[in-house]
Amino acid sequence: MNGAAFVAGMFILLGTVILLASLIRTQLLFEAIPLILSKSRAPVVRMLRLYRHLLLFIILGYLVVIAGLAGELWNLSTAVSGAVFFFFSVYALLCSRLQSTLFKELEKTLHGLLPICAACKKIRTEAHKDEPVWVPIEVYISERTDAQFTHGYCPECAESMLSEFRSGKKSKKSTPATE
């Protein structure tokens, strides 16, 4: 093996180590999946799996190129190098698509300050540039998350409503009926 092949092999080996570290870190991306809305999860999971498979394929290609350089199999190293470069470009494209998809999905999570009416609890949205639209909090949250709402009364409100009902019922009984 000549000096140039040795240097190339060392760079490729270093690249393999970096790609292995990247492969290990893909687990962090899979752990972020619960943060994505369920209706958008399936395509993101498919993209992540493809990302991981391409990364494995590129690592294997790197190892074949190193073996070809070490064994002075120049034709094999050259052919596999071309394939590795091609799949690495596909990998780079997929990385950028995956990143933009994840950012778009994570943008859909609630964050920041929400302008809310102190009386009716509607949320002001900037749906129209000229005029803000006020929507019920349930609508706002369910459009942006997977949350679904049920309605009921907390114990304090239930007691208050029952008290009002009882007092209103008693006051109607105590007043003489109009003829």
Taking the stretch 114-159, which residues are more than 27 Å from Ser38 (Cβ to Cβ) and assigned to a helix (DSSP H, G or I)? Pro155, Glu156, Cys157, Ala158, Glu159
Among (1) over 23 Å from Ala147 (Cβ atoms); (2) surrounded by 11 or more Cβ atoms within 10 Å (Cβ to Cβ); (3) at pLDDT below 80, Ser40 falls short only on (1)
What is the number of the single condition among (1) at pLDDT below 85; (2) over 30 Å from Val64 (Cβ atoms) that Ser163 does not meet? (1)
Please identify the pairs in which a residue from the stretch 2-26 that is over 10 Å from Ile66 (Cα atoms) has its Cβ atom under 7 Å from the Cβ atom of a residue that is of a type in the set (Lys, Arg) and part of a helix (DSSP H, G or I), counting only partners at least 6 apart or on another chain. Leu23/Arg52; Thr26/Arg52
Looking at Tyr91, Tyr51, which one is within 30 Å of Thr145 (Cβ to Cβ), touching a helix residue (DSSP H, G or I) at 6+ places or on another chain (Cβ under 6 Å) and at pLDDT 80 or above? Tyr51
If we ask which residues in the stretch 20-39 are more than 20 Å from Leu93 (Cβ to Cβ) and under 10 Å from the mean Cα position of the chain (by Cα), their number turns out to be 9
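The values are calculated or read from the model by the stated rules, or taken from the named source; none is laboratory data. For clarity, every value in this text was computed on a predicted model and none was experimentally measured. Every residue, glycine among them, receives a Cβ derived from its backbone with ideal geometry; neighbour counts consider all protein chains shown.
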